[in-house]
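Since the structure comes first, as C-alpha cells, the remarks are kept for the end.
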Amino acid sequence: MSHGFLGNDASLMLDVVVCALVLLVPLLAYSVIVVKFQRNHELHKRLQMLLAGILLVAVTAFEIDMRLHGGWRNIVNKDPAHPRRSQAELENSALLLKTHLVFAISTPFLWAATIALALRRFPDPPVPGPHSDLHKALGWASAADLALTSFTGLWFYYATFVGG
C-alpha cells in the first residue's frame, strides 16, 4: 500500500481519497438538484446517507494509512537520502494542509449535525416541514464546507504529490 494508482508517489489511500473528493462534489450537487427541482426528498436522503458513508469510510482508511506511513511527509520523501521535495516545498504544503484542515475538520461535524437533525425532525418518508428552513441553511453551509474541503484537499494533493 505504499504506492497509489494515479501515477505519482502518493499512497494508495491518498489516491482513493482524492478520487472520493472528486466524486463527492458532483454527487452532492446532484443530491441538491434532486431535492430542489425534482422534489424527490427520499432520493435526496438516500444520496446524503451514501455520501456520508463514503466520506466516513474514505477518511477512516486515510487516517489509518497516514498512521502506518508516519504522516504525509514520509510519503512524499520516502527516501530521506534523496528527498523528492525541498524543505521550502514541504513548508508550502504544510500551509496548504493547515488551510485544508480548517474545512476538513469542520465538515463532518456540520454535516453530522445536518443529518442528525434531519433524521430526528423530518418524518419517514421525508417531506418539507417546520425544520425545512433550518435544514436548508445547514445544508448549504455543509455543502459549501464540503466543496472547500474538496478544493483545498485537491490543491494540497496536487502541490504535494503531483506538481513539480
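On the stretch given as region 110-152, residues that are touching an Asp or Glu at 6+ places or on another chain (Cβ under 9 Å) and closer than 18 Å to LEU51 by Cβ total 3. Exactly one residue out of ALA61, ALA29, ALA104 is over 30 Å from HIS131 (Cα atoms), small (Gly, Ala, Ser) and under 15 Å from the mean Cα position of the chain (by Cα): that is ALA61.
Does GLY71 count as on the phi > 0 side of the Ramachandran plot and not polar (S, T, N, Q)? Considered against the rule, which asks whether it is on the phi > 0 side of the Ramachandran plot and not polar (S, T, N, Q), GLY71 comes out as yes. Of all residues in region 51-67, those that are touching a Ser or Thr at 6+ places or on another chain (Cβ under 9 Å) and at pLDDT 90 or above total 1. Restricting the first member to region 82-98 and to residues that are over 16 Å from LEU14 (Cβ atoms) and at pLDDT below 95, and the second to residues that are part of a helix (DSSP H, G or I) and charged (D, E, K, R), no beta-carbon pair is closer than 8 Å while six or more apart or on different chains. Look at region 128-153: where a residue is in contact (Cβ under 8 Å) with a residue 12 or more places away in the chain and under 12 Å from ILE115 (Cα atoms) and a partner is among the hydroxyl-bearing types (Ser, Thr, Tyr) and assigned to a helix (DSSP H, G or I), sitting 6+ places away or on another chain with Cβ atoms under 8 Å, you get HIS135/THR114; LEU138/THR114; GLY139/THR114; SER142/THR107; SER142/THR114.
The values are calculated or read from the model by the stated rules, or taken from the named source; none is laboratory data. The structure presented is a predicted model; accordingly, all values stated were derived computationally and were not measured. Cβ atoms come from the backbone with ideal geometry, glycine included; neighbour counts cover every protein chain shown.
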